[in-house]
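Accompanying notes for the structure given below.
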Amino acid sequence: TEVGMLSRVQNFWLNINNMSGTIPTEVGMLSQVKNIRLSNNNFDGTIPTEIGMLQHLDRFNMENNNIQSTIPSEIGMLRQIRGLFLWNNSISGAIPSEIGMMSLLEGLTLSQSNLTGTIPSEVGMLTYLEVLELHENNIEGAIPSEVGKLSNLEHIWLFRNNMNSTIPTEIGMLSQLTWLSLHENNII
């Protein structure tokens, strides 16, 4: 599509429209893009694997759509990204361990979808992370102890999942934490 020809675009904002259809794979050709906002539309289909080619991407907002895929492992190639917001979609499957390679990430919001599996221990590599929102999914297992390495973390929202363990003692090391929301799980 014509989108791939926009090689100089740095901000690609199509949010709050009535757009539908799939995200074109040519989005991966936006070689200079820093900010993609596709939120509050009716996009469906998958998150294109070509998203991993966007080496300058700082923010990716795609919340409030109808995306029905897994999170591609190529997302880990986004080494400059600081904000990833995919909430309120129908994203399924597990959070890929490659998410730990997004070392500058400050905000991760994957809530209100159909995510399953466990929180990968690699989340502990996100040392700049301030916001972790994974609430209202089907995530199971334990909160990884590696979360204790996230010294900038201000809030954790993991409520309404199927988590079934104790709260790791490492949570106590989070000196910046102002909001811990774990309700409606099976935490003991």
Which residue, of Asn18, Asn40, is over 18 Å from Glu2 (Cα atoms), assigned to a loop (DSSP other than H, G, I, E, B), out of contact with any strand residue (DSSP E or B) (no Cβ under 7 Å at 6 or more places or on another chain) and among the polar types (S, T, N, Q)?
-> Asn40
Filter segment 144-162 for residues that are within 14 Å of Leu174 (Cα to Cα) and either assigned to a loop (DSSP other than H, G, I, E, B) or without any contact (Cβ under 8 Å) to a residue 24 or more places away in the chain (or both); which is farthest from the chain's Cα centre (by Cα)?
-> Ser151
Determine whether segment 150-158 contains at least one residue that is charged (D, E, K, R), open to solvent by 50 Å² or more (accessible area, probe 1.4 Å) and in contact with a Lys or Arg (Cβ under 9 Å, 6 or more places away or on another chain).
-> no
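Before we move on, is Arg8 under 26 Å from Leu126 (Cβ atoms) and either touching a residue at least 40 places away in the same chain (Cβ under 8 Å) or surrounded by fewer than 20 Cβ atoms within 10 Å (Cβ to Cβ) (or both)?
On the way: under 26 Å from Leu126 (Cβ atoms): no; either touching a residue at least 40 places away in the same chain (Cβ under 8 Å) or surrounded by fewer than 20 Cβ atoms within 10 Å (Cβ to Cβ) (or both): yes.
No, not satisfied.
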Keeping to segment 163-188, report how many residues are assigned to a loop (DSSP other than H, G, I, E, B) and closer than 22 Å to Ala94 by Cα.
-> 11
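Can you find, within segment 22-59, the residue that is most open to solvent (accessible area, probe 1.4 Å) among those that are small (Gly, Ala, Ser) and modelled with pLDDT under 95? Let's see the steps before the verdict.
Residues of segment 22-59 small (Gly, Ala, Ser): 28, 31, 39, 45, 52.
Cutting the leftovers down to modelled with pLDDT under 95 gives us 28, 31, 45.
Working: Gly28: 6, Ser31: 54, Gly45: 20 Å².
Across segment 22-59, the extreme among qualifying residues is Ser31.
Select from segment 118-136 the residues that are under 18 Å from Asn66 (Cα atoms) and either open to solvent by less than 10 Å² (accessible area, probe 1.4 Å) or in contact with a Phe, Trp or Tyr (Cβ under 6 Å, 6 or more places away or on another chain) (or both) and list them in ascending order.
Of all residues in segment 118-136, those under 18 Å from Asn66 (Cα atoms) come to 134-136.
Residues satisfying the conditions are Leu134, His135.
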Kindly indicate which of Leu115, Leu86, Leu104 is more than 16 Å from Ser145 (Cβ to Cβ), of a type in the set (A, V, I, L, M, F, W, C) and surrounded by fewer than 16 Cβ atoms within 10 Å (Cβ to Cβ).
-> Leu104
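Scan Ser181, Ser165 and give me the residue that is open to solvent by less than 30 Å² (accessible area, probe 1.4 Å), more than 26 Å from Gln80 (Cα to Cα) and in contact (Cβ under 8 Å) with a residue 40 or more places away in the chain. Talk me through it step by step, then tell me what you get.
Values: Ser165 fails: in contact (Cβ under 8 Å) with a residue 40 or more places away in the chain.
So the residue among Ser181, Ser165 that is open to solvent by less than 30 Å² (accessible area, probe 1.4 Å), more than 26 Å from Gln80 (Cα to Cα) and in contact (Cβ under 8 Å) with a residue 40 or more places away in the chain is Ser181.
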Mind checking whether some residue in segment 106-114 is over 28 Å from Gly21 (Cα atoms), within 11 Å of the chain's Cα centre (by Cα) and not in a helix (DSSP H, G or I)?
-> yes
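The values are calculated or read from the model by the stated rules, or taken from the named source; none is laboratory data. Just so it is clear, the structure is predicted and the values come from calculations on it, not from any experiment. All Cβ positions, even for glycine, are placed from backbone atoms using ideal geometry, and neighbour counts span all protein chains on display. Accessible surface is based on the protein model in full, side chains and every heavy atom, while ligands, DNA and RNA are left aside. Shrake-Rupley method; radii C 1.70, N 1.55, O 1.52, S 1.80 Å.
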